[in-house]
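The structure under discussion appears below in the form of structure tokens.
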Amino acid sequence: MGYAIAEAAVKHGMEVVLISGPTNLRPPEGVEFVPVESTRQMYDAVAGRISGVEAAIFCAAVADYRPVRVADQKIKKTPGSNRLTLELEETEDILGSARDVMGYQGLLVGFAAETQNVAENARSKLARKKCDLIVANDVSQEGMGFDSDRNEVTVYFASGDPQPIGPATKAAIGEKLVEIVASLVQGARA
Ligand code: CTP
């Protein structure tokens, strides 16, 4: 979805920085591409570039936890035990840090991948992460969202009615989202 939005934003004449974890996609022509591999690297890349940006769109499916210890050698089996417990710690919440830690004041767009109570969870994320809008998708629907070229989303605004988009290709949804973002940025400039 991030690549589709970045491509639509370039077409719309915007200056675009695309910060992305590993994918099998080719970065769209005309973007400044910043590849990262971990949540920490994505956090640092965002923190270093977000100030002064007019709109920041967070749609990466970021890992919420990482292993506390990373083995530098192969982990050998423990004789007599058929289980292995990995201890995980929370990663940085990049979107949740944009306002309070990074001091970002532009338009803030989050995504919410949900499998249940989509509207309720989207509204609570909107408030908790201090977003202007949240794009929610129900990832329990087969053929939509992850690993698919199609998606169906609902945009929740800090004020106003939610707006459904799709089902449609991610390219079409990206274009619609860019239109919404562009009109809100124009409104903020006026
Ligand atoms: N996000 C982020 N940093 C994280 C986790 C998520 O910036 N460590 C962003 C995602 O890019 C998305 C939004 O936060 O824009 C919501 O992500 P989601 O996984 O739906 O929510 P979580 O905050 O992880 O909450 P939960 O998993 O409990 O629903």
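The values are calculated or read from the model by the stated rules, or taken from the named source; none is laboratory data. Computed from a prediction, not measured in an experiment: that's the story for all the values here. Glycine gets a Cβ as well: all are built from the backbone with ideal geometry, and neighbour counts include every protein chain shown. Quick note on the areas: whole protein, heavy atoms, side chains included, nothing else; ligands and nucleic acids left out. Shrake-Rupley method; radii C 1.70, N 1.55, O 1.52, S 1.80 Å.
Could you check region 65-104 and list, in sequence order, the residues that are touching a Ser or Thr at 6+ places or on another chain (Cβ under 8 Å), surrounded by 12 or more Cβ atoms within 10 Å (Cβ to Cβ) and not hydroxyl-bearing (Ser, Thr, Tyr)?
The initial filter retains those residues of region 65-104 that are touching a Ser or Thr at 6+ places or on another chain (Cβ under 8 Å), namely 65-66, 84, 91-92, 94, 102-104.
Of the ones still in play, those that are also surrounded by 12 or more Cβ atoms within 10 Å (Cβ to Cβ) are 65-66, 91-92, 94, 102, 104.
Answer for region 65-104, where residues must be touching a Ser or Thr at 6+ places or on another chain (Cβ under 8 Å), surrounded by 12 or more Cβ atoms within 10 Å (Cβ to Cβ) and not hydroxyl-bearing (Ser, Thr, Tyr): Arg66, Glu92, Ile94, Met102.
Please verify whether region 57-72 includes one or more residues that are assigned to a loop (DSSP other than H, G, I, E, B), within 12 Å of the ligand (Cβ to nearest atom) and in contact (Cβ under 8 Å) with a residue 60 or more places away in the chain.
Yes; the residues of region 57-72 include at least one that is assigned to a loop (DSSP other than H, G, I, E, B), within 12 Å of the ligand (Cβ to nearest atom) and in contact (Cβ under 8 Å) with a residue 60 or more places away in the chain.
Applying the selection to region 46-56, what residues are surrounded by fewer than 18 Cβ atoms within 10 Å (Cβ to Cβ) and within 12 Å of the ligand (Cβ to nearest atom)?
Ala47
Val109: of a type in the set (A, V, I, L, M, F, W, C), surrounded by 10 or more Cβ atoms within 10 Å (Cβ to Cβ) and in a loop (DSSP other than H, G, I, E, B), yes or no?
So Val109 fails the test.
Looking at Ala60, Ala8, which is the one that is out of contact with any strand residue (DSSP E or B) (no Cβ under 6 Å at 6 or more places or on another chain), open to solvent by 30 Å² or more (accessible area, probe 1.4 Å) and within 23 Å of Glu152 (Cβ to Cβ)?
Ala60
Can you give me the number of residues within region 113-165 that are crowded, with 18+ Cβ neighbours inside 10 Å, of a type in the set (A, V, I, L, M, F, W, C) and assigned to a strand (DSSP E or B)?
Result for region 113-165: 7.
Has region 115-122 got at least one residue that is under 30 Å from Ala190 (Cα atoms), within 10 Å of the ligand (Cβ to nearest atom) and touching a helix residue (DSSP H, G or I) at 6+ places or on another chain (Cβ under 7 Å)?
Within region 115-122, none of the residues are under 30 Å from Ala190 (Cα atoms), within 10 Å of the ligand (Cβ to nearest atom) and touching a helix residue (DSSP H, G or I) at 6+ places or on another chain (Cβ under 7 Å).
Show the residue pairs meeting these rules: Cβ distance below 6 Å; 6+ apart or different chains; first residue within region 92-121 and basic (Lys, Arg); second residue away from the ligand (no atom under 11 Å from the Cβ) and open to solvent by 50 Å² or more (accessible area, probe 1.4 Å).
Arg99/Lys130
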